[in-house]
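*Asks:* Before I ask anything, let me first share the structure, which is written out below as structure tokens.
The values are calculated or read from the model by the stated rules, or taken from the named source; none is laboratory data. The structure presented is a predicted model; accordingly, all values stated were derived computationally and were not measured. Here the Cβ is made from the backbone with ideal geometry for all residues, glycine too, and neighbour counts use every protein chain on show. Side chains included, ligands, DNA and RNA excluded: accessible areas come from the protein's heavy atoms. Shrake-Rupley method; radii C 1.70, N 1.55, O 1.52, S 1.80 Å.
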Amino acid sequence: MALYLRPLRLEDALAALGSQGLTVLAGGTDFYPARVGRPLDEDVLDITALAELRGIRDRGDHWSLGAGVTWSALREAALPPCFDGLKAAARELGGLQVQNAGTVVGNLCNASPAADGLPNLLALDARVELAGARGRRSLAIEDFVTGNRETQRRPDELVTAISIPKPAPDTASHFAKLGTRKYLVISIVMLAIVLEPEDGRVGAARLALGACAPVARRLRALEAELRGRTLDGGLGEALAESHMDDVLAPIDDVRASAAYRRDAAATLLRRGLASLGQRLGAAT
Ligand SMILES: Cc1cc2nc3c(=O)[nH]c(=O)nc-3n(C[C@H](O)[C@H](O)[C@H](O)COP(=O)(O)OP(=O)(O)OC[C@H]3O[C@@H](n4cnc5c(N)ncnc54)[C@H](O)[C@@H]3O)c2cc1C
């Protein structure tokens, strides 16, 4: 019979993970659908009773989002506007039941190319905090997810939290998800933007596209192009096709053709930048 562990203390969870092969289970909203139609024959480490992993904490120079934080908890938390994009993903991901059980970290660890959380976490420059029986380490989010359903997590490690550095004051964010309908849909393209304003101009820009390649990616060339530009509704005009060259490797699938994904990504980028530029420009 398979083993089902639900420890109350993080150190017990890490010791168990270090001594035997266990599959980590958080909200189960990716875990169970992947096992429909076959018996649960693997040993499981259920982390839902670990109080240390709950909550979003202000740590001075960064925010710490525990591995137990569900999409609903994130949506309800009092957080600055740089989190608006991630909160928009929280509202659009699945339905309420999925948002109540599913965690942000589970979405990240599942590493689906269509994971709605990842573009936002990339644009927030997040880091992944890992702990194992051999110690703790921290990885930039870009280094953590390496491919479709592939991460740098070792089998004996747990992701304990996501760290998000505090950006400049008045930093704003935006998230757009394109699907064949508004809710309960797997994304065709997602876009996350974080803009840090500086004297009416773009001080720093971080943008990431999802569902257009095996892993969501930052648009570094566009970010460089945006730096120093005036914050207004014309910001979308900064986009050139070449800015997406390194980032897009879209596939043809049942949801959309590669050509449609490329076109939709450009449209979302232009609209998102125009809207955020106008909003931030009006506020200065
Ligand atoms: C009906 C439905 C609709 C959905 N809609 C969307 C959607 O619109 N957008 C979207 O992006 N996703 C969607 N999902 C997928 C899923 O809800 C999310 O990815 C969710 O955030 C997963 O979190 P979880 O806590 O349930 O993860 P789990 O299912 O518990 O775990 C997912 C994976 O991560 C690993 N894991 C979890 N936590 C940790 C940890 N702390 N350390 C190490 N490994 C860990 C698990 O071993 C497993 O491999 C949907 C799912 C369903 C069932």
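*Asks:* Looking for whichever is open to solvent by 40 Å² or more (accessible area, probe 1.4 Å), at positive phi and outside any strand (DSSP E or B) here; the options are G94, G28, G60. Which one fits?
*Replies:* That would be G60, the only listed residue that is open to solvent by 40 Å² or more (accessible area, probe 1.4 Å), at positive phi and outside any strand (DSSP E or B).
*Asks:* Can I ask one more? Considering the range 201-213 alone, what residues qualify as being within 16 Å of R279 (Cβ to Cβ) and modelled with pLDDT under 95?
*Replies:* Correct list: empty.
*Asks:* Which one of the conditions (1) part of a loop (DSSP other than H, G, I, E, B); (2) away from the ligand (no atom under 13 Å from the Cβ); (3) closer than 30 Å to D170 by Cα does P39 fail to meet, given that it meets all the rest?
*Replies:* (3)
*Asks:* Could I ask something else about it? Name the residues in the range 232-266 that are open to solvent by 10 Å² or more (accessible area, probe 1.4 Å), touching a Lys or Arg at 6+ places or on another chain (Cβ under 8 Å) and modelled with pLDDT of 85 or more, would you?
*Replies:* Hits for the range 232-266 are E237, L239.
*Asks:* What do you reckon, is F83 among the aromatic types (F, W, Y), surrounded by fewer than 21 Cβ atoms within 10 Å (Cβ to Cβ) and at pLDDT 95 or above?
*Replies:* Taking the combined requirement at face value, the residue does not satisfy it.
*Asks:* While we're looking at this one, here's another question. Just to check your reading of the model, which residue among A16, A73, A34 is within 14 Å of the ligand (Cβ to nearest atom) and either under 30 Å from L276 (Cβ atoms) or of a type in the set (V, I, T) (or both)?
*Replies:* Just one listed residue meets the conditions, A73.
*Asks:* Could you pull out every one of the helices (runs of 4 or more DSSP H) wholly within the range 101-168 that has 1 or more residues that are away from the ligand (no atom under 11 Å from the Cβ) and open to solvent by 50 Å² or more (accessible area, probe 1.4 Å)?
*Replies:* Because the criterion is at least 1 residues that are away from the ligand (no atom under 11 Å from the Cβ) and open to solvent by 50 Å² or more (accessible area, probe 1.4 Å), the helices (runs of 4 or more DSSP H) in the range 101-168 that meet it are 141-144.
*Asks:* I need every pair where a residue in the range 112-128 that is modelled with pLDDT under 95 has its Cβ under 7 Å from the Cβ of a residue that is more than 10 Å from the ligand (Cβ to nearest atom) and open to solvent by less than 10 Å² (accessible area, probe 1.4 Å), sequence separation at least 6 or different chains.
*Replies:* none
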